[in-house]
1. When all alpha-carbon pairs of region 160-213 are counted, what percent fall beyond 14 Å?
2. Based on alpha-carbon positions alone, could you give the equivalent ellipsoid semi-axes of the chain from the gyration tensor, as √(5λ), descending, whole Å?
3. What order do you get for 209-216, 77-84, 5-12 when each peptide is scored by the mean count of other beta carbon atoms within 10 Å, highest first?
4. Taking 0.36 nm per intervening residue step and subtracting the Cα-Cα distance, what contour gain separates residue 125 from residue 63 on full extension?
5. Between residue 164 and residue 141, what FRET efficiency follows from the Cβ-Cβ distance if R0 is 22 Å, with the result rounded to 0.05?
6. Nearest 10 degrees, 0 to 90: what angle lies between the long axis of helix 9-21 and the longest principal axis of the chain (Cα atoms)?
7. Calculate, axis by axis, the spread of Cα positions in region 1-154 along the three principal axes, and write the results as whole Å, longest axis first.
8. Quick one: helix 194-203 against the long Cα principal axis of the chain, what's the angle to the nearest 10°, folded into 0 to 90?
């Protein structure tokens, strides 16, 4: 393992395998991301015949008439989707073989994200499309605040570094994508307690994967739970934020050069709650 890597690749496999064994609707954030990806694809007036689904989860993504190759960093998800187990920064997809690559809830856990994006762009045929979604900067703000108050300085590394929408656009440019666009959408979810949130994070395979992570003591966990509860609304539920970053880009056609990114911020979806 490269000493410069921040994510533990083996821990990531275990987290995804654990999520694959969890029944229920805890992966609703990923489902919403995939809906956003499909919405962006439906806005493009074209058909796709050869597709790669990166972070394939249980293999639900489909497009009529298309052949879909699936890959996932978790062994159980790879097998469940009929795909191949591989990390995104170690893809061996070949050059110019696909006209679409999609990825949901995966790229924020990659050690070499610029390298992964370059491999994805190389796998696309000229004019091929890339659409991805992942949790970005601003996510889990209530959890972050609770952990900060529960642990003495310096706090243990418990939450992943997060990519903001501007950095996402810059990463697309760096990887050589044409017409890069990065935009964001805020999703608010209300929790009755910290245990419910951590249960959902396990179901999303979004728990702590940092190589420098340390076990959480019972005392820290108790203080974090209390601090999370102190942030609750009058009905006893605490609002947690999931900031979804979408990335869209195209493989350049002959002679085309990547343009500076565009961007927009989608309206918050809150199940009746106003944005913070």
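1. Details: 999 of 1431 pairs.
Summing the P(r) of region 160-213 above 14 Å gives 70 percent of all pairs.
2. With the √(5λ) rule applied to the chain, the semi-axes are 32, 20, 18 Å.
3. On the way: 209-216: 13.8, 77-84: 18.1, 5-12: 16.6.
Peptide ranking by packing, descending: 77-84, 5-12, 209-216.
4. 20.5 nm
5. On the way: r = 13 Å, r/R0 = 0.60.
The computed FRET efficiency comes out at 0.95.
6. In the chain, helix 9-21 runs at an angle near 80 degrees to the longest axis.
7. Taking max minus min along each principal axis of the Cα atoms, region 1-154 gives 54, 34, 28 Å.
8. The two axes meet at around 20 degrees.
Laboratory data are not the source of any read-out in this text; all were calculated from the coordinates shown. What you see is a predicted model, and the numbers here were worked out from it, not measured in a lab. Backbone-built Cβ (ideal geometry, glycine too); neighbour counts: all protein chains shown.
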